[in-house]
2 protein chains.
Amino acid sequence: MKEVSNVSMGIDKISNSPIVFLRIEDSSLVLPIWIGPCEAGVLALILRKEDFERPLTHDLLLSVIQSLEAKTVKVLIDKFKKDIFYAKLVLKDKNSKEIKIDARPSDCIIIALKENIPIFVDDQIVRDHSIDSSLFYDLNFEESDEEKKDIRKEIENFDIDELRKRFENFEDDDNDNE
Amino acid sequence: MKEVSNVSMGIDKISNSPIVFLRIEDSSLVLPIWIGPCEAGVLALILRKEDFERPLTHDLLLSVIQSLEAKTVKVLIDKFKKDIFYAKLVLKDKNSKEIKIDARPSDCIIIALKENIPIFVDDQIVRDHSIDSSLFYDLNFEESDEEKKDIRKEIENFDIDELRKRFENFEDDDNDNE
């Protein structure tokens, strides 16, 4: 498993769908995951550190976890099948027993950002589905906090179509390792 | 507390916002609650008994509750303040201890429909904020299942603007009992 060091967002111009970009720690690799518009709305507010008018469904989820004396530990993006990424939310119950719950990556990423818990991506998924951002942006990969912010800004304007053209075989490899 | 016998949806033509209608049991009263577009999308699919492609955030919430050996009991719509309804999700933990968690009505209603648990509305809220559907539709209030379906269909085309005009003091009373 590889840890994610930064989360940012962009838009796929072809499908007009939101994408979340997971930057893989100590690398120039970025994993793009297409997400739904509702989750994108929540994620965008979190990334911009904007307040919500009302507690959202994810806040209710976190209240439930807290009320049942459990806590969030980490999230795993651990499976890719038929063009869909799958994830697990890992909790510890009140007896410190670890519990893994199947979930969408978008929900997991929102929870990870809210709870400040780590996101891990399966090695094989990183190999098969991440893209090398150093080919597109003149970035300094000795990441300081300030530089991470710069990376985020640049990736927000990421052109996924351009990327697809340059990596023509990017999606053809999807099912090689299932 | 009054129990809700039927849930349906409509659109507020002025704000173009979705509304959920909670029919109060053994009465012709309906409580309209404005909800967000994302929650409305989920609710509409549930009411139409359509399948979701992926488990949604509410499914994750229910998986978490189940994984932590708790269960959902009921939902309460128990407070109205500054034009906003507030609700509680009531759970029982593994020791059958009852836990009440603050939530939005929309999340609670979605969970109630998914879990087939009852929705209760505070008496004062019913008195202050519900509307009498018998004034607008020629309905038979000896509800059979078939008739409930008819009610739902009619209320789906509900004109909230018309309703507001007829009950001019409907919203002026909001804060009388806070």
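The values are calculated or read from the model by the stated rules, or taken from the named source; none is laboratory data. Nothing here was measured: the structure is a model prediction, and the numbers come from that model. Don't worry about glycine lacking a Cβ; one is built from the backbone with ideal geometry, like all the others, and counts go over all protein chains shown. What goes into the accessible areas is simple: the full protein's heavy atoms, side chains included, and nothing from ligands, DNA or RNA. Shrake-Rupley method; radii C 1.70, N 1.55, O 1.52, S 1.80 Å.
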Which whole-number value in Å² is the accessible area per residue of the stretch A:1-52, probe 1.4 Å?
46 Å²
So, taking all protein chains as they sit and a 1.4 Å probe, how much accessible area belongs to residue A:83, in Å² rounded to tens?
110 Å²
Full extension from residue B:84 to residue B:48: what is 0.36 nm times the residue separation minus their Cα-Cα distance, to one decimal in nm?
10.3 nm
For a protection proxy built on the mean count of beta-carbon atoms within 10 angstrom, sort A:40-47, A:70-77 highest first, please.
A:70-77, A:40-47
Note: B vs A interface, total accessible area buried (1.4 Å probe; ligands, DNA, RNA excluded), nearest 100 Å², is 2400 Å²
For the stretch A:52-121, using Cα atoms only, the Rg and Dmax in Å read 12.4, 37
Which whole-angstrom value gives the distance between the alpha carbon centres of the stretch B:1-49 and the stretch A:98-136?
35 Å
Average beta carbon contacts from partner chains per residue of A:97-107, 10 Å cutoff:
4
How much accessible area does residue A:23 have with a 1.4 Å probe, in Å² rounded to the nearest 10?
0 Å²
Virtual spin-label span in nm between residue A:14 and residue B:123, 7 Å along Cα→Cβ
6.2 nm
So which trypsin sites (Lys or Arg not before Pro) in the stretch A:85-133 are both in a DSSP loop and have at most 12 other Cβ atoms within 10 Å of their Cβ?
A:94, A:97
